[in-house]
Amino acid sequence: MKQSTKRVLLLHSSNDMYGASRIVLQVIDVLIKANYEVHVILPYKGVLNKIITEKGASCSIYNLGVFRKKYMNLKGLLNRFVKIKKAKNHIVNYINNHRIDLLYTSTSVIISGGLAAKKSGIPSISHIHEIPTGNKVYEIFSGLFLRYFSKKVIVVSNSVAKHWNPYLKRNQLIRVYNGIVFPDKKAIYNAEKKNIQNITVTSIARLIPYKGHKYFIDVAKELFKINKQYQFLIVGDTFPGYESYENELKVLVSESDLNHKIQFLGYRTDIEAILDKSDLFFHPSILPDPLPTVLFEAIKMKVPAVATKLGGSVEILDNGNCGLLVPHNDAKKVAGLINDYFEDEKLKTVNIEKAIEHTNKHFSPTHFNNNILDIFKITLAQT
């Protein structure tokens, strides 16, 4: 007897091409290849919906009532209550009209999905890329919501697992590392590609405080004192709700008299070209970053990587065996460490080779694809 096609609805909180969105595309690829019928709802139009449609999935736009920490006040909660209720009703109707079998949410901030799945009597899977920080009430609420409204909770790193596990049921949480595709050829760090006139240090991340751009600028100021050849690139656009943050950063650069040395490039699609001209990559997060996939981009382009010793960066750089891990609160010390690292060609070459090997072993696309598919199959089988 031929098995009927299973229908999955995916909910995602943004419409960009940063890390979490790339993982959503990988999940879509896995499901379509396994003959699932894939539907996606995004909260607004952008670059992602076109790519999703081209992959063969159905994609629509609706305000999902994304729930963030900034709404943890009376006015914000009232606003979200209305948005989430409308989103839940829309998703319930979508589930019924399209006979959806399973709901997948790519984040902890879309609670309308879990509510709709529970109302419709279908299982829900949550794929968590966030580490809750700064608001304990928000963290507890999100954790308990996942506990009671998600059949399975996928997390992207051990660092993320450590934060969410206390709130979840036994065997509810599963760590699945992202799958990263690297070239087969042996990694060789090409020291000759450096511009003799300049030493380019690059950071790529959404402009949001915890990503550490102010810290990046503080370190840049100290590095420039050590060597006037240093120059710096900040790549990324503003995260919604933090529009004033970019201006704060530019004021800080101006006050540090570094306008001629620090460039803001905004959102870019030519990341490989930017990294190809970079001598070092620095991920300066000041809070634990779940799994900063941009570090993989640097490793892929054989750019020596530096990151603060927090969150998923420690796992990607294998506790410092694959790059330089530095403190997140001492700009002067970090500048010295970075400069020493830049001058050590042998260490950088060894780190790049180890980074490629470590990534291929622990962040394999095959492992990711198989694990994701197994979770979907098991969850559906248990209904």
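The values are calculated or read from the model by the stated rules, or taken from the named source; none is laboratory data. The structure displayed is predicted, hence computed values, not measured ones. Every residue, glycine among them, receives a Cβ derived from its backbone with ideal geometry; neighbour counts consider all protein chains shown.
Going through F281, F342 one at a time, which residue ends up being within 20 Å of Y215 (Cβ to Cβ), touching a residue at least 24 places away in the same chain (Cβ under 8 Å), of a type outside the set (G, A, S) and assigned to a helix (DSSP H, G or I)? Quick ask: steps written out before the conclusion?
Numbers: F281 fails: assigned to a helix (DSSP H, G or I).
Sole residue among the options that is within 20 Å of Y215 (Cβ to Cβ), touching a residue at least 24 places away in the same chain (Cβ under 8 Å), of a type outside the set (G, A, S) and assigned to a helix (DSSP H, G or I): F342.
Taking the condition under 19 Å from F376 (Cβ atoms), in the same structural domain as I95 (by TED's automatic domain parsing) and assigned to a strand (DSSP E or B), does V30 pass? Against the criterion (under 19 Å from F376 (Cβ atoms), in the same structural domain as I95 (by TED's automatic domain parsing) and assigned to a strand (DSSP E or B)), V30 does not qualify. When the stretch 1-25 is limited to residues that are at pLDDT 95 or above and part of a helix (DSSP H, G or I), the one that is farthest from the chain's Cα centre (by Cα) turns out to be L25.
Going by the structure shown, is D237 among the charged types (D, E, K, R), in the same structural domain as L295 (by TED's automatic domain parsing) and touching a Gly at 6+ places or on another chain (Cβ under 6 Å)?
Details: among the charged types (D, E, K, R): yes; in the same structural domain as L295 (by TED's automatic domain parsing): yes; touching a Gly at 6+ places or on another chain (Cβ under 6 Å): yes.
Spelling it out, D237 is indeed among the charged types (D, E, K, R), in the same structural domain as L295 (by TED's automatic domain parsing) and touching a Gly at 6+ places or on another chain (Cβ under 6 Å).
Filter the stretch 215-244 down to residues that are at pLDDT below 95 and assigned to a helix (DSSP H, G or I), then give me how many there are. Residues flagged as at pLDDT below 95 and assigned to a helix (DSSP H, G or I) within the stretch 215-244 amount to 2.
Among the residues of the stretch 103-110, is there at least one that is in contact with a Cys (Cβ under 9 Å, 6 or more places away or on another chain), modelled with pLDDT of 95 or more and in the same structural domain as K162 (by TED's automatic domain parsing)? Among the residues of the stretch 103-110, not one is in contact with a Cys (Cβ under 9 Å, 6 or more places away or on another chain), modelled with pLDDT of 95 or more and in the same structural domain as K162 (by TED's automatic domain parsing), which makes the answer no. Tell me the residue from I41, I51 that is touching a Phe, Trp or Tyr at 6+ places or on another chain (Cβ under 6 Å), at pLDDT 95 or above and in the same structural domain as A117 (by TED's automatic domain parsing), please. Residue meeting the stated conditions: I41. When the stretch 179-204 is limited to residues that are under 17 Å from the mean Cα position of the chain (by Cα) and at pLDDT 95 or above, the one that is surrounded by the most Cβ atoms within 10 Å (Cβ to Cβ) turns out to be S203.
Please determine, by comparing only the residues of the stretch 240-272 that are of a type in the set (K, R) and surrounded by fewer than 16 Cβ atoms within 10 Å (Cβ to Cβ), which one is nearest to the chain's Cα centre (by Cα).
As a first pass, look at the stretch 240-272 and keep what is of a type in the set (K, R): 250, 261, 268.
Applying the additional criterion that residues be surrounded by fewer than 16 Cβ atoms within 10 Å (Cβ to Cβ) yields 250, 268.
Numbers: K250: 24, R268: 16 Å.
Among those residues, the one meeting the criterion is R268.
When I286, I316 are screened for being closer than 20 Å to R206 by Cα and buried (at least 20 other Cβ atoms within 10 Å of the Cβ), only I316 passes.
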